[in-house]
Structures are given as C-alpha cells and as structure tokens.
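Q: Submitted below is the structure of interest, expressed as structure tokens.
The values are calculated or read from the model by the stated rules, or taken from the named source; none is laboratory data. What you see is a predicted model; the values in this text were computed from it and never measured. Ideal geometry is used to build each Cβ from the backbone, glycine not excepted, and the neighbour counts take in all protein chains shown.
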Amino acid sequence: MLRMLSTLLKIGLASLLTGAVLAEFDVSANDLLAQAGLTPQDIADFAVRTYQWALPNVILGSLIVVPVWLVIYLFRPPRG
C-alpha cells in the first residue's frame, strides 16, 4: 500500500512540475487538445461513454469472480 501511495505521489509531483514548465512556455491544455483535434467536451463525452461501457462489464465480471474467489479463500489451507 505504501508503495502505491509513493508512486501516486511521484506521479502527482511530476505532473505538477511538468504543468509548471508548460505554463512558463504559455502552453495550455486547450492548446494541446486543439493540436490533437479535440475539445474539452470531446474528452468529457469519451469519459462518459467509457464509464457507461465499463460499469456493466465490471458488474458482470464480478458476478463470476467474487464467488470463485470466496470459495477459493474459504477452502485454502490455513497459513502460519
């Protein structure tokens, strides 16, 4: 858990520093999106479509994975 938090902190710090450097060169998120042919609304629409696709699939998969995991967990030999 500590390793994951450390990694997230490093990613956040790297993103902050990169954003500060880009801001010094007067580069904005809208500029980068425009060069890619996208708008903030396109990104928001993509995020919504991704969520609408992923959520039912996660629920469907969990209907199989969770009971199988529970059975394996219950019948595992004790540790220690």
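Q: In segment 61-69, is there at least one residue being under 19 Å from the mean Cα position of the chain (by Cα), loosely packed, with under 11 Cβ neighbours inside 10 Å, at pLDDT 95 or above and part of a helix (DSSP H, G or I)?
A: Within segment 61-69, one or more residues are under 19 Å from the mean Cα position of the chain (by Cα), loosely packed, with under 11 Cβ neighbours inside 10 Å, at pLDDT 95 or above and part of a helix (DSSP H, G or I).
Q: Conditions first: (1) modelled with pLDDT under 95; (2) closer than 23 Å to SER15 by Cα. PHE46 passes all but one, so which condition is the exception?
A: (1)
Q: Out of everything in segment 36-53 that is of a type in the set (A, V, I, L, M) and not in a helix (DSSP H, G or I), what residue ends up being surrounded by the fewest Cβ atoms within 10 Å (Cβ to Cβ)?
A: Among those residues, the one meeting the criterion is ALA36.
Q: In this structure, is ARG3 surrounded by fewer than 10 Cβ atoms within 10 Å (Cβ to Cβ) and free of Cβ contacts under 8 Å to residues at least 60 places away in the same chain?
A: Criteria met by ARG3.
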